[in-house]
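One structure is given here, and the rest of the page talks about it.
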Amino acid sequence: MAFAGLGELLRNLSEEYFSGKDLKAFTGDARIMTDAVSQACSSNSWFIPLHVWHALNSIGLMLDEGALRSWLSNYSPQRLEARKTGRIGVVMAGNIPAVGFHDFLCTLISGYEFSGKLSGADSFLLPALAQVLVNFRPGFNRKIHFSKQIAPDCRAIIATGSNNTNRFFEFLYGGKPHIFRKNRNSVAVITGHESEHEMAGLGEDIFLHFGLGCRSVSKIYLPEGYELTKLTSAFDRFDYVAGHLRYSDNLKYYKAFYSLLERSFTASETLIFLRSTDLASPVSVVNVEYYNSIDKTEWELSAVKHQLQCIAGCDRIPFCTVALGQTQLPMPQDYADRQDTLRFLLDL
C-alpha cells in the first residue's frame, strides 16, 4: 500500500529529527520532504520545524498500515474498489502544517481524482507529500492536481475555513454535493488528579501549532479551588513559544488589553489564563472555567457539541473524546467536524 510506505518514511524522518540528527544529507524522497519543511517554515512564520515535523509524524502514525486497514474495514470493499470517475475539489486551510492531508487521503482512497486549491499559508507540504506518494505508486500521478482555482466540472467540493468563508463557499459551490467546515474548538476537562505525564500532554494540546488548529485546546474546565500555579509549572517545558516573535507579540498585546478592560486573568511567561465562558480564545490565551459538578459540565458541553472538535481529558471522565496529549494525533477515523468524509465520497 503506497500510503503505508509514505507513512513509514514520515515516521522515520520525524524520529531522525526529534533525535537531533542532521537532515541535510538526505537524498531522494527524504530530501523532498526536508526541503519542503524548510520552504514551509521560510514562507510562513507560524510554521516552525518542531511543529511541522510533529504534524508530519502525526500523518505518519495515521498512515500505519494496521490503522489504515482497520479504518477501511468499516466500509464495503465493493464500494471502495468500484471504478470512480471525475474529480473532487478540495479547498484547504493553512492554519497548521499539511492540514488538508486527510481530505487528500480520503479522495484518493475513494478512487476519485484529487483537485486541490492550496492555501497561500501552506503551499509546499502537500505537493511534496503527493510527489513522494507518486514515487511509491506512479499511477497516482494522473489522479492528483493542484491549481489556483477549483475546476467547475468537479463532482463534489470539500472546503475548510471559518464561519465567514463558509458563506463564500456556499455562494461559489453550494449547488454541488459538498462538505463545508466551519470554526471548531477543542476543550480539556481536568479533575485535579492528573499525572505529570498527562499534564505535559495537555501542554502539547495547547501549545502545538501555537493554538491555531481546531484540535488545539482553547479552554480548560477546572474543579473549584484548583490552583492555576499547577498549570503554569506544568507548562514550563513549552517556554520556547515565548521566543517566537508573533506569539510573543500576541502575549504582550492581550496582557495589556485585558488589563485595560479590567478582566480577571492570570499570566505566565508563556500563556494567559482568562476567566471566560467562551470556547474560542486568541493566540497566547486559554480560557478557564471552574466547575463544581462534572455532570453539569457534561450537559453544558453536550449543548455545544456542534462547536467542538475534541474534548480532552483522562479516562476517569467518560464523556471525553480523546486522551490528554492526543488531540494533535488524529487517526484516519477521526473526521474533522465529525463528518465521515470517506462515506460522503463513496455515496456520491
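Report the extension gain between Arg263 and Lys21 in nm, rounded to one decimal, defined as 0.36 nm multiplied by the number of residues separating them, less their alpha carbon distance.
82.6 nm
Given 0.36 nm per residue, what is the gain on full extension from Asn12 to Leu50 after removing their alpha carbon distance, in nm?
Answer, rounded to one decimal: 12.2 nm.
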Can you give the longest run of the chain that contains no trypsin sites (Lys or Arg not before Pro) sitting in a DSSP loop with at most 14 other Cβ atoms inside 10 Å? 149-262
Which one of Thr277, Tyr258, Val304 has its Cα pushed farthest toward the positive end of the charge dipole of segment 246-314, where Lys and Arg give +1 and Asp and Glu give -1 at the Cβ? Tyr258
In the chain, how many lysine pairs have Cα atoms under 26 Å apart, counting only pairs 8 or more places apart or on different chains? 22
What GluC sites (Glu not before Pro) in segment 227-281 are in a loop by DSSP, with at most 11 other Cβ atoms within 10 Å of the Cβ? Glu227, Glu262
For segment 270-289 and segment 25-55, write down the distance between their C-alpha centroids in whole Å. 30 Å
Taking the chain as a Gaussian network, Cα atoms linked when under 10 Å apart, which of Thr107, Thr229, Thr165 shows the biggest mean-square fluctuation? Thr229
The chain, helix-only ellipticity at 222 nm - DSSP H runs n ≥ 4, -39,500 (n - 2.57), divided by all residues, nearest 500: -12500 deg cm²/dmol
Taking Cα atoms, how many degrees apart are the long axis of helix 125-136 and the longest axis of the chain, rounded to 10 and kept between 0 and 90? 40 degrees
Using the basic label-point model (7 angstrom from Cα toward the beta carbon), what is the Glu196 to Ala256 distance in nanometres? 3.9 nm
Expected max-MSF residue from Ala30, Ala312, Ala303 in the GNM of the chain (alpha carbon, under 10 Å) is Ala303
Which angle between 0 and 90 degrees, to the nearest 10, do you get for helix 294-303 versus the longest principal axis of the chain when only C-alpha atoms count? 40 degrees
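Rule-based calculations on the coordinates, nothing more; no lab input. As the structure is a computational prediction, the values presented were derived from the model and not from experiment. Note that each Cβ is placed from the backbone with ideal geometry, even for glycine, and that neighbours are counted across all protein chains shown.
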